[in-house]
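See below for the structure under consideration.
The values are calculated or read from the model by the stated rules, or taken from the named source; none is laboratory data. Not measured: the values here are computed from a predicted model. No Cβ is skipped: glycine too gets one built from the backbone with ideal geometry, and neighbour counts run over all protein chains shown.
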Amino acid sequence: MPTLLKIDASPRGEYSISRSLSAAFAAEWQKNNPEGTVVVRDLMKTTLPFVDLPWIAGAYTPAEAHSPEMHNALVISNELIAELFAADHIVISTPMYNFSTPAVLKAYIDHIVRFGVTFSASYEGLIKGKKVTLIIASGGVYTPGSHMESYDRETAYLKQIFGFIGLAENLEIVQAGGSNDVAQGKKTQAELVASFVPQVVAAAK
């Protein structure tokens, strides 16, 4: 049975554009895969310590030689990586903060990019055969050709880093910009979300 891994990074809960879109994605995916399983990884409810010395030492030391401290440092990393390998389709929803990636998503990335586990000594990505959909919500509009495009440091980074671990082949990006219109009362949240639903529904095929 197929598995969808749904990763959400926004702290805004029901007010989140990206979470609303990932929920629409998951609903469509489940409709298309009625026997499938949806695994939810809410990064706002996951303790993600920053990479420290025991983590680094453990990542470059054979597991059989790990100290208890090294082992403990890599527990969450191993869990997150196992979820990626087990999934058939991965959807990641995130806001854009200060033109880039929220700290919680960067912390997640630091736990899943590991030498010998998700990339090799020859820098080959080791997670193969997955579909990936990135949903990026932002206040401004940063799509190609927009006047703010050059400020976007998140889209290219996420595409590059997930490609680095082997997920480039079937990676699709939905740029859901314009939430400033909601903040300014020009649109409702439901209206903005609805304008991007066709893209996420298509990506869930």
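Among the residues of region 195-205, which ones are surrounded by 14 or more Cβ atoms within 10 Å (Cβ to Cβ) and without any contact (Cβ under 8 Å) to a residue 60 or more places away in the chain? Across region 195-205, the qualifying residue is only 199. Checked against (1) touching a strand residue (DSSP E or B) at 6+ places or on another chain (Cβ under 8 Å); (2) buried (at least 19 other Cβ atoms within 10 Å of the Cβ), residue 121 passes all but condition (2). Could you tell me whether residue 100 is buried (at least 18 other Cβ atoms within 10 Å of the Cβ) and either modelled with pLDDT of 95 or more or within 18 Å of the chain's Cα centre (by Cα) (or both)? No: the conditions fail for residue 100.
Examine region 184-191 for a residue that is at positive phi and in a helix (DSSP H, G or I), and state whether such a residue exists. No.
Are any of the residues in region 136-148 closer than 16 Å to residue 92 by Cα, in a loop (DSSP other than H, G, I, E, B) and either within 17 Å of the chain's Cα centre (by Cα) or among the β-branched types (Val, Ile, Thr) (or both)?
no
Among residues of region 114-131 that are over 18 Å from residue 83 (Cβ atoms), none has a Cβ under 7 angstrom from a residue that is modelled with pLDDT under 95 and part of a loop (DSSP other than H, G, I, E, B) at a sequence gap of 6+ or on a separate chain.
Does region 174-188 hold any residues that are β-branched (Val, Ile, Thr) and buried (at least 17 other Cβ atoms within 10 Å of the Cβ), and which are they?
Within region 174-188, 174, 182 qualify.
Loosely packed, with under 14 Cβ neighbours inside 10 Å and at pLDDT below 95: is that true of residue 169 in this structure? When the stated conditions are applied, residue 169 passes them.
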